[in-house]
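See below for the structure under consideration.
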Amino acid sequence: MYEKAELINSTAYFDTLYISIRLQTLLGSVFTGELHLLAYLSCLLGLYESHPVSEWGYGFTGTTEGAPYSPAITAASDQMERSGTVFRRHQIAYVSDRGFAECELLSSMYSNTTRQRYLEGACSSLLTLPIGIVREALSREPELRSMSIHRTARQLLQGPGLESLYRQFELLRSVLDHSSDILAPAMVWLTYLSCEPARNEVHR
Amino acid sequence: MGKSTFLAAVNFCLTGIVPNPSETFLGMEDFLKDRSNFSKDYFTGRISEKDRKAAEVSLEITLSRQTYVITRGIFESKSLREFSIYDTNTGNKNRKKVFDTSKMSPAKRHTVYAKKIVDAIGLDSFEQFAFLQHFVFTFDERRELVFWTPKVLERALYLAFGVDPKLATQADKIRRDWDREGSHARNTTQEAKNVADRIRFIEGELSSNSINDPSDYEVVAQSEKLTNERDKIQSLLFRLKTDLDDAELKLANLSATQLSLRSEYETEFNKHIRSNSMLSLNPIITNSIDRDQCNLCGTGGTTAIEMIKLNTSANTCPLCNSVVKARPPDGESIRLLKEIDKKLNKAKEDFDEVYASKQRITSDLEQSDRALQKAERAVSVFERTNAKVLERLRLAGQGPNEVNRTLERLRERWKELDEKKKRHYELRDKKKAQLVRLQRKLSAQYTEAEKDFVPLFRELAVSFIGIELDVALETKETKTEAGINLVLTLKESTRRNEYQLSESQKYFIDIALRMALAQHMSENENRATLFIDTPEGSLDIAYEKGAGDMFARFVKSGHHILMTANINSSQILRTLADNCGPSMMHIEPMINWTTLSSVQKRDPQLFTKTLKPIQDKLRVRKGRAY
């Protein structure tokens with residue numbers, strides 16, 4: 001049966017599962033929009049440490065509302081529900097015991113070793129910042145900001161906004177030169193973005 | 001198609017060639033060879049890709065009361081698509097085909113056409129026809145002047161005044177051979193001089209006893225050090241280049257391995273995650289149980305829920321009845337995934353390592369390249385500065401016998417070169433003598449023709465310039481040179497160089513010369529046609545009317561002009577229209593059939609406004625003849 005079905009991206013599957021478990025641990029439940037948001041933040045943290053976007057494993061598009069979205073994450077999330085890795089009780093999703101076991105198995109794969117640093121960094125930001133602030137801050141990063149200003153949806157991390165992103169990361173690196181902890185740049189950057197004027201303020 | 005391209009296309013149809021403006025004229029035979037394949041380049045870009053095969057030029061030319069119909073593909077230099085001859089004695093409407101080539105190959109058709117046209121005009125070769133057409137009867141955008149280009153003028157004079165066109169072919173060949181022998185002789189003389197200098201240097205060193213100067217050994221050491229350094233860098237560079245090639249090859253292989261393993265991993269991963277799908281955990285089932293109501297049909301109650309639990313506990317799908325493979329996550333699947341993952345990781349590590357090594361090699365290569373340039377410069381400067389010492393040391397290293405042998409070899413070489421030089425000069429002088437004989441013959445023939453030709457030229461040129469002028473044949477016969485030339489005298493002062501005239505004067509006097517040559521050469525039955533490209537561009541306003549008068553005089557003598565011109569305030573077209581009238585002049589506005597630029601399209605009424613007064617002059621009105 002699986003031969004005819006859509007192929008699930010293994011990287012996106014692992015990221016979805018990892019983030020779901022961390023969200024469940026930190027916030028008690030999982031909302032689909034948050035999966036996309038934290039996966040995108042993880043990808044940006046990888047970029048901060050000079051890992052090319054092309055090697056992340058799957059891509060993101062920006063919605064006209066300035067939110068990141070990945071079809072690969074949606075497909076992985078659906079498959080996880082179908083296979084019982086995640087289940088729903090009264091509309092709230094939970095990771096099953098089987099999901100936990102699967103995550104343990106996939107975390108041991110070499111292919112997923114490097115990315116765990118960025119997934120963990122992105123999820124840990126929720127320890128100090130409420131998810132709403134993280135969402136608001138990310139919508140002001142150069143790529144997503146440009147999309148919400150122009151009310152257009154397109155591929156993320158491929159346009160001219162990438163240059164501004166590199167500049168911001170360069171500045172960040174120069175300030176946090178000796179820090180080996182990925183959480184520190186994540187927090188500084190998100191805090192900086194959350195203080196940026198919002199889209200409608202820019203318009204005015 | 002612009003104006004110049006139009007004339008080039010007509011000439012291309014006639015001769016199969018478009019002259020390359022950057023090539024110097026060496027002789028008629030060389031010209032027709034089109035060595036740079038320029039004709040193809042010229043039309044590429046002007047003709048769109050999709051039209052390349054279809055693009056062709058067709059012409060009808062009248063020669064000895066016959067019409068030659070020629071069609072040439074625009075990229076076909078040496079072949080014709082059509083060539084027919086019609087007898088037009090009975091008028092153009094009832095013309096009868098008297099020569100047909102439809103069954104010939106295109107290349108054969110071109111050869112036959114070349115022969116026919118040469119015979120009809122009375123020339124000796126197609127090369128002569130192409131030369132006359134491009135260099136004498138066409139004044140185009142190259143703005144090449146016959147009067148002040150000796151190699152062109154000489155050939156034109158032989159063709160115009162030699163009784164037999166074979167004389168021109170002979171003169172062309174002799175001139176070409178003469179030039180070649182002269183060039184060989186000069187090169188050999190230079191080489192002989194270099195050998196003689198070297199002999200003198202060695203003899204000098206031998207007699208001065210300076211061959212064992214101890215200070216020279218420092219130079220040797222330094223020279224060896226520099227060349228060793230350079231050689232070392234060169235071999236390093238060679239090794240680095242090989243390493244870089246190896247690294248690139250390895251990277252390509254490792255990329256392919258990674259791609260293939262990644263695809264293998266994805267397939268196995270999908271098998272793994274789908275192998276253990278459980279019907280009882282499907283959201284429809286879990287929601288139904290949560291809400292005590294079937295999520296598909298809405299039926300509630302214990303019976304319905306119990307039935308759902310029963311149906312989903314089996315290994316068949318309750319909707320499509322398919323057998324569901326309920327494979328529990330087995331050790332084999334996990335083992336396989338881990339194995340591919342391990343291989344993938346190894347391939348990535350290898351790739352990263354080779355990539356880092358490639359980066360290092362590239363950087364080393366750049367450094368070595370710079371170092372090599374520096375080392376080569378150092379060797380070259382050192383060798384130049386110490387050339388004499390190094391030569392002396394080479395001699396010292398050879399020992400007396402070897403030095404003598406070197407000297408002997410050099411003397412032999414000098415002797416050989418000296419003899420070769422003499423041979424070339426002898427041949428050149430022989431050619432010169434042949435050329436002088438032909439020159440004298442031509443000179444005699446010119447003297448006979450002068451009484452007709454000079455007045456023709458004077459009449460045309462004076463109508464343009466308004467000043468008395470004269471032209472005379474000048475032959476040059478010195479020990480080393482021979483040549484024939486026309487000399488222009490204006491207000492009793494000789495103008496041997498083109499810079500001694502203004503731009504307007506030199507271009508239009510040159511056109512006058514071409515017209516006079518055309519008039520002199522053509523028979524009453526076959527009047528020549530001159531092709532002139534935008535003459536107004538090189539004309540001072542004061543001469544515009546004069547130019548119009550000169551052109552009209554040529555036309556009135558029964559000859560033809562095919563001219564392209566800009567539609568502007570120039571008086572040439574107006575004067576021509578006034579002088580020629582509708583029976584002798586026709587204007588064909590190119591704007592009706594060529595592609596206009598956006599600037600030209602912006603104000604089309606400007607063309608009409610400027611053209612109308614000229615067209616009015618050419619309109620036949622009742623009861624009034626122009």
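The values are calculated or read from the model by the stated rules, or taken from the named source; none is laboratory data. Keep in mind that this is a model prediction, so the values were computed, not measured. Note: ideal-geometry Cβ built from the backbone for every residue, glycine included; neighbour counts use all protein chains shown.
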Considering only residues that are in a helix (DSSP H, G or I), of a type in the set (A, V, I, L, M) and surrounded by fewer than 20 Cβ atoms within 10 Å (Cβ to Cβ), which ones fall in region A:135-164?
A:I149, A:L162
Counting only helices (runs of 4 or more DSSP H) wholly inside region B:520-626, the ones holding at least 3 residues that are within 32 Å of the chain's Cα centre (by Cα) are B:598-602
May I ask you to list the residues in region A:94-122 that are over 13 Å from A:M80 (Cβ atoms) and buried (at least 19 other Cβ atoms within 10 Å of the Cβ)?
A:M109, A:S111, A:N112, A:R115, A:Y118, A:L119, A:G121, A:A122
If B:R176 satisfies all but one of (1) of a type in the set (D, E, K, R); (2) out of contact with any His (no Cβ under 8 Å at 6 or more places or on another chain); (3) over 30 Å from B:S522 (Cβ atoms), what's the number of the condition it fails?
(3)
Could you please find all residues in region B:495-519 being outside any helix (DSSP H, G or I) and under 31 Å from the mean Cα position of the chain (by Cα)?
B:N497
Looking for something at pLDDT 90 or above and within 12 Å of chain B (Cβ to nearest Cβ) - is there at least one such residue anywhere in region A:81-89?
no
Taking the criterion of being touching a helix residue (DSSP H, G or I) at 6+ places or on another chain (Cβ under 6 Å), not β-branched (V, I, T) and not assigned by TED's automatic domain parsing to the domain that holds B:K374, would at least one residue in region B:199-215 satisfy it?
yes
Qualifying positions in region B:352-409 - over 25 Å from B:E229 (Cα atoms) and of a type in the set (D, E)
B:D352, B:E353, B:E402, B:E408
Residue within region A:126-134 that is farther than 21 Å from A:L45 by Cα and either outside any helix (DSSP H, G or I) or of a type in the set (S, T, N, Q) (or both) present:
no
Going by the structure shown, is B:L63 at negative phi, over 21 Å from the mean Cα position of the chain (by Cα) and touching a residue at least 40 places away in the same chain (Cβ under 8 Å)?
yes
Looking at region B:329-339, can you tell me whether even one residue there is surrounded by 13 or more Cβ atoms within 10 Å (Cβ to Cβ), of a type outside the set (D, E, K, R) and not in a helix (DSSP H, G or I)?
yes
Tell me which residues, restricted to region A:90-105, are touching a helix residue (DSSP H, G or I) at 6+ places or on another chain (Cβ under 8 Å), aliphatic (A, V, I, L, M) and more than 9 Å from chain B (Cβ to nearest Cβ).
A:A93, A:V95
Which listed residue, of B:V403, B:V324, B:V354, B:V381, is surrounded by fewer than 14 Cβ atoms within 10 Å (Cβ to Cβ) and modelled with pLDDT under 95
B:V381
Just need a number here: residues in region A:107-157 that are in contact (Cβ under 8 Å) with a residue 12 or more places away in the chain and more than 18 Å from A:Y18 (Cβ to Cβ).
25
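Counting just the residues of region B:71-101 that are of a type in the set (V, I, T) and at pLDDT below 90, which one comes out farthest from B:A130 (Cα to Cα)?
B:T90
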Test B:I614 against the stated conditions and say whether it is surrounded by fewer than 19 Cβ atoms within 10 Å (Cβ to Cβ) and at pLDDT 80 or above.
yes
Inside region B:297-321, can you point out the residues that are modelled with pLDDT under 75 and either outside the structural domain of B:N287 (by TED's automatic domain parsing) or loosely packed, with under 12 Cβ neighbours inside 10 Å (or both)?
B:S313, B:N315
For region B:475-519, give me each residue that is out of contact with any strand residue (DSSP E or B) (no Cβ under 9 Å at 6 or more places or on another chain), farther than 22 Å from B:R142 by Cα and among the acidic types (D, E).
B:E481
What's the number of the condition A:D78 fails, among (1) without any contact (Cβ under 8 Å) to a residue 24 or more places away in the chain; (2) in contact with a Ser or Thr (Cβ under 9 Å, 6 or more places away or on another chain); (3) within 14 Å of another protein chain (Cβ to nearest Cβ); (4) within 23 Å of B:K271 (Cα to Cα)?
(2)
In region A:116-144, how many are acidic (D, E) and either modelled with pLDDT of 90 or more or touching a Lys or Arg at 6+ places or on another chain (Cβ under 8 Å) (or both)?
1
